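A.B. asks: Before I ask anything, here is the structure I am working with.
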Amino acid sequence: NAGVTQTPKFRILKIGQSMTLQCAQDMNHNYMYWYRQDPGMGLKLIYYSVGAGITDKGEVPNGYNVSRSTTEDFPLRLELAAPSQTSVYFCASSHPAGDSYEQYFGPGTRLTVT
Amino acid sequence: DQQVKQNSPSLSVQEGRISILNCDYTNSMFDYFLWYKKYPAEGPTFLISISSIKDKNEDGRFTVFLNKSAKHLSLHIVPSQPGDSAVYFCAASTGGGSEKLVFGKGMKLTVNP
């Protein structure tokens, strides 16, 4: 299993440009998440999904959109990039089982908006 | 309002000694706690967890202690190894089916040979 994969690894955007961060998992997990991590800070939840066709906002959703058409994929869309969106983005997935809440993370995408 | 707090940004210990990483939380609805380890340029990896019905969970060199009345948990690493040098994040969940995690800011652990 590849686990959770993210593309691209790095990206530089100009202000106002758009892009999609890709995330895929091959563990058949129902739950998927997008986080951002700013320097010196913890991870903050942007959006999450509990299954195909179901998405919901997290703590910091402004400026982002998501879709979940399949169990495997959970892309994150930035429509009008702003410098405040410069961050490292992590995708994660999990599968609820009993009291298990572990999330499995991808390697991250480092995004710079200039 | 930070619900999960890791008040010390860094810790340095000697190889073979104990590392103690602390975490405090404010939301009494949290019922599951996790520790993640993160190396530079990688995603966080799950280390150990504890349910609120327990006060201790052990996995090899790693032990997590939970004090619900104090809203405090700690991660003990014994003995510490240079490969343990990383950033450690404390996270908490209220469960309820969404499994959303709230993370602390992280603590950088350096284990010196």
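A.B. asks: Might you report the magnitude of the Cβ-based charge dipole of chain A about its Cα centre, with Lys and Arg at +1 and Asp and Glu at -1, to the nearest 20 debye? Please report the intermediate quantities before stating the final value.
C.D. replies: Working: 9 positive and 9 negative charges, 101 e Å.
About 480 debye.
A.B. asks: Pick out which of A:Lys44, A:Lys14, A:Lys57 has the largest mean-square fluctuation in a Gaussian network model of chain A, springs linking Cα atoms closer than 10 Å.
C.D. replies: A:Lys14
A.B. asks: Leaving ligands and nucleic acids out of the surface, order A:Leu43, A:Leu80 by accessible area at 1.4 Å, largest first. Write out the running numbers ahead of the final one.
C.D. replies: On the way: A:Leu43 5, A:Leu80 130 Å².
These residues rank, largest area first, as A:Leu80, A:Leu43.
A.B. asks: Now for a different question. Between A:Arg77 and A:Asp56, 0.36 nm times their residue separation minus their Cα-Cα distance comes to what? Please list the in-between numbers first.
C.D. replies: Details: separation 21, 0.36 × 21 = 7.56 nm, distance 1.42 nm.
Gain in length upon complete extension: 6.1 nm.
A.B. asks: Also, I was wondering about something else. In chain A, carbon and sulfur make up what percent of the accessible area (probe 1.4 Å)? If you can, show how the numbers build up before the last one.
C.D. replies: Details: 2760 of 5370 Å².
Solvent-exposed carbon and sulfur of chain A make up 51 percent of the total.
A.B. asks: Just how much of A:Met27 is accessible, in Å², when a 1.4 Å probe is used and the result is rounded to the nearest 10?
C.D. replies: 50 Å²
A.B. asks: Continuing with this model, one more query. Would you tally the net charge around A:Pro107, using a Cβ to Cβ cut-off of less than 12 Å, leaving A:Pro107 out, and scoring K and R as +1, D and E as -1?
C.D. replies: On the way: positive: A:Lys9, A:Arg110, B:Lys38; negative: B:Glu42.
Its environment carries a net charge of +2.
A.B. asks: For a quick check of understanding: with a 1.4 angstrom probe and all protein chains in place, what accessible area in square angstrom does A:Val113 have, to the nearest ten?
C.D. replies: 10 Å²
A.B. asks: Another question, if that's okay. Please give the average number of partner chain Cβ atoms lying within 10 Å of the Cβ of each residue in B:77-83, rounded to a whole number. Walk me through the intermediate numbers first.
C.D. replies: On the way: counts 0, 0, 0, 0, 0, 0, 0.
Partner Cβ neighbours, averaged per residue: 0.
A.B. asks: So, taking all protein chains as they sit and a 1.4 Å probe, how much accessible area belongs to A:Glu79, in Å² rounded to tens?
C.D. replies: About 80 Å², rounded to the nearest 10.
A.B. asks: Per residue of B:42-48, what is the mean number of Cβ atoms on other protein chains within 10 angstrom of that residue's Cβ? Walk me through the numbers before you get to the answer.
C.D. replies: Working: counts 5, 16, 10, 3, 6, 1, 1.
Partner-chain Cβ atoms within 10 Å, mean over residues of B:42-48: 6.
A.B. asks: Same structure again: Compute, for the protein assembly as shown, the length of the dipole vector about the Cα centre, with Cβ point charges of +1 (Lys, Arg) and -1 (Asp, Glu) only. Units Debye, rounded to 20.
C.D. replies: Details: 21 positive and 19 negative charges, 116 e Å.
For this selection, approximately 560 debye.
A.B. asks: I want the antiparallel fraction of DSSP beta bridges within chain B, as a percent rounded to 5. Working shown, then result.
C.D. replies: Numbers: 36 of 41 bridges.
Counting DSSP beta bridges with both partners in chain B, the antiparallel share is about 90 percent.
A.B. asks: Probe radius 1.4 Å, ligands and nucleic acids left out: which of A:Arg68, A:Arg110 has the largest accessible area, and how do the rest follow? Display every interim value, and only then the final one.
C.D. replies: Working: A:Arg68 10, A:Arg110 125 Å².
If we order A:Arg68, A:Arg110 from most to least accessible, we get A:Arg110, A:Arg68.
A.B. asks: Could you work out, residue by residue across A:29-42, how many beta carbons of other chains sit within 10 Å of that residue's beta carbon, and then give the average as an integer? Write down the numbers at each step before the final one.
C.D. replies: On the way: counts 0, 1, 4, 0, 4, 0, 4, 0, 7, 1, 0, 3, 5, 15.
If you average over the peptide's residues, the count of other-chain Cβ atoms is 3.
A.B. asks: So, R0 is 45 Å and r is the distance between the beta-carbons of B:Ser69 and A:Asp26; what FRET efficiency does that work out to, to 0.05? Walk me through the numbers on the way to the answer.
C.D. replies: On the way: r = 42 Å, r/R0 = 0.94.
Efficiency, rounded to the nearest 0.05: 0.60.
A.B. asks: Kindly give Rg over Rh for the protein assembly as shown, based on alpha-carbon atoms, with the Kirkwood expression for the hydrodynamic radius.
C.D. replies: With Rg and the Kirkwood Rh in hand, the quotient comes to 0.97.
A.B. asks: Is the C-alpha gyration tensor of chain B telling us rounded, prolate or oblate? Criteria: a/c under 1.5 is rounded; beyond that, a/b larger than b/c is prolate, otherwise oblate. Don't skip to the answer; put the middle values down first.
C.D. replies: Values: a/c = 1.83, a/b = 1.57, b/c = 1.17.
Since a/c reaches 1.5 and a/b is larger than b/c, the shape of chain B is classed as prolate.
A.B. asks: Also: Heavy-atom accessible area per residue, segment A:4-113, 1.4 Å probe: how many Å²?
C.D. replies: Details: 5020 Å² over 110 residues.
With all protein chains present, segment A:4-113 gives 46 Å² per residue.
A.B. asks: Can you work out the accessible area per residue across segment B:4-112, with the rest of the protein chains kept in place, probe 1.4 Å, in square angstrom? Working shown, then result.
C.D. replies: Numbers: 4900 Å² over 109 residues.
Ligands and nucleic acids excluded, the figure is 45 Å² per residue.
The values are calculated or read from the model by the stated rules, or taken from the named source; none is laboratory data. Quick caveat, the model's predicted, so the values are computed rather than measured. Quick reminder, even Gly has a Cβ in these numbers, built from the backbone with ideal geometry, and neighbours come from all protein chains shown. All accessible areas refer to the heavy atoms of the entire protein, side chains included, with ligands and DNA or RNA removed. Shrake-Rupley method; radii C 1.70, N 1.55, O 1.52, S 1.80 Å.
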